[in-house]
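Data first, discussion second: the structure below is written as structure tokens.
The values are calculated or read from the model by the stated rules, or taken from the named source; none is laboratory data. What you see is a predicted model; the values in this text were computed from it and never measured. Cβ atoms come from the backbone with ideal geometry, glycine included; neighbour counts cover every protein chain shown.
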Amino acid sequence: MNEEIKQIIADVLKYKGKGFAVLCAIEEMAELTQALLKKINRHWDKPEQQANDLENIFEEIADVYTQLEYLKIIYQISDAKIWEYLDEKIPRKLIPRIEKWAARVAETGNPDANKRILD
């Protein structure tokens, strides 16, 4: 993140406050959730909507990234601390799941045994 963006974020926090930033983060995460659900529930079988849905999802992800920067400043959480946590959590949580999924595929002989209809 460049210095201009850091200053803009600092100014928003200065003039609008932490509560405003937290509420905006919640709103943007809800909008991303809505965009993902819309793609799954309404448009997963409509190719003509795919490009529009993906553009909307892209925009909402970018908005959430922006709000995460506010939250990191508010709660004094560094990127290094986040990555340290993820480096520990991802293997701990996902390796057992991957092993379970692999066993299910081996047991059924179906490479799609773990996939849902919307994948």
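Can you spot a residue in the range 80-90 that is within 30 Å of D11 (Cα to Cα) and surrounded by fewer than 10 Cβ atoms within 10 Å (Cβ to Cβ)? Quick ask: steps written out before the conclusion?
Applying the first criterion (within 30 Å of D11 (Cα to Cα)) to the range 80-90 yields 80-86.
When the remaining residues are screened for being surrounded by fewer than 10 Cβ atoms within 10 Å (Cβ to Cβ), the result is 80.
Checked the range 80-90: at least one residue is within 30 Å of D11 (Cα to Cα) and surrounded by fewer than 10 Cβ atoms within 10 Å (Cβ to Cβ).
Only one of these is closer than 30 Å to E3 by Cα and assigned to a helix (DSSP H, G or I): L54, L36. Name it.
Details: L36 fails: closer than 30 Å to E3 by Cα.
Only one candidate qualifies: L54.
For the list (1) under 18 Å from the mean Cα position of the chain (by Cα); (2) touching a residue at least 40 places away in the same chain (Cβ under 8 Å), I need the number of the one condition that I74 fails.
(1)
One residue is enough: does the range 97-116 have a residue meeting the conditions closer than 30 Å to E27 by Cβ, hydrophobic (A, V, I, L, M, F, W, C) and not assigned by TED's automatic domain parsing to the domain that holds E27? Steps first, please.
First pass over the range 97-116, keeping only residues closer than 30 Å to E27 by Cβ: 116.
Of the ones still in play, those that are also hydrophobic (A, V, I, L, M, F, W, C) are none.
No, every residue in the range 97-116 fails to be closer than 30 Å to E27 by Cβ, hydrophobic (A, V, I, L, M, F, W, C) and not assigned by TED's automatic domain parsing to the domain that holds E27.
Taking the options I98, I61, I82, I26, name whichever one is out of contact with any strand residue (DSSP E or B) (no Cβ under 8 Å at 6 or more places or on another chain) and farther than 30 Å from I5 by Cβ. Even if it seems obvious, please write down each step before you answer.
Values: I61 fails: farther than 30 Å from I5 by Cβ; I82 fails: farther than 30 Å from I5 by Cβ; I26 fails: farther than 30 Å from I5 by Cβ.
Going through I98, I61, I82, I26 in turn, the sole match is I98.
I'd like the full set of residues that are of a type in the set (A, V, I, L, M, F, W, C), in contact (Cβ under 8 Å) with a residue 40 or more places away in the chain and surrounded by 13 or more Cβ atoms within 10 Å (Cβ to Cβ), limited to the range 1-39.
I9, V12, L13, A21, V22, C24, A25
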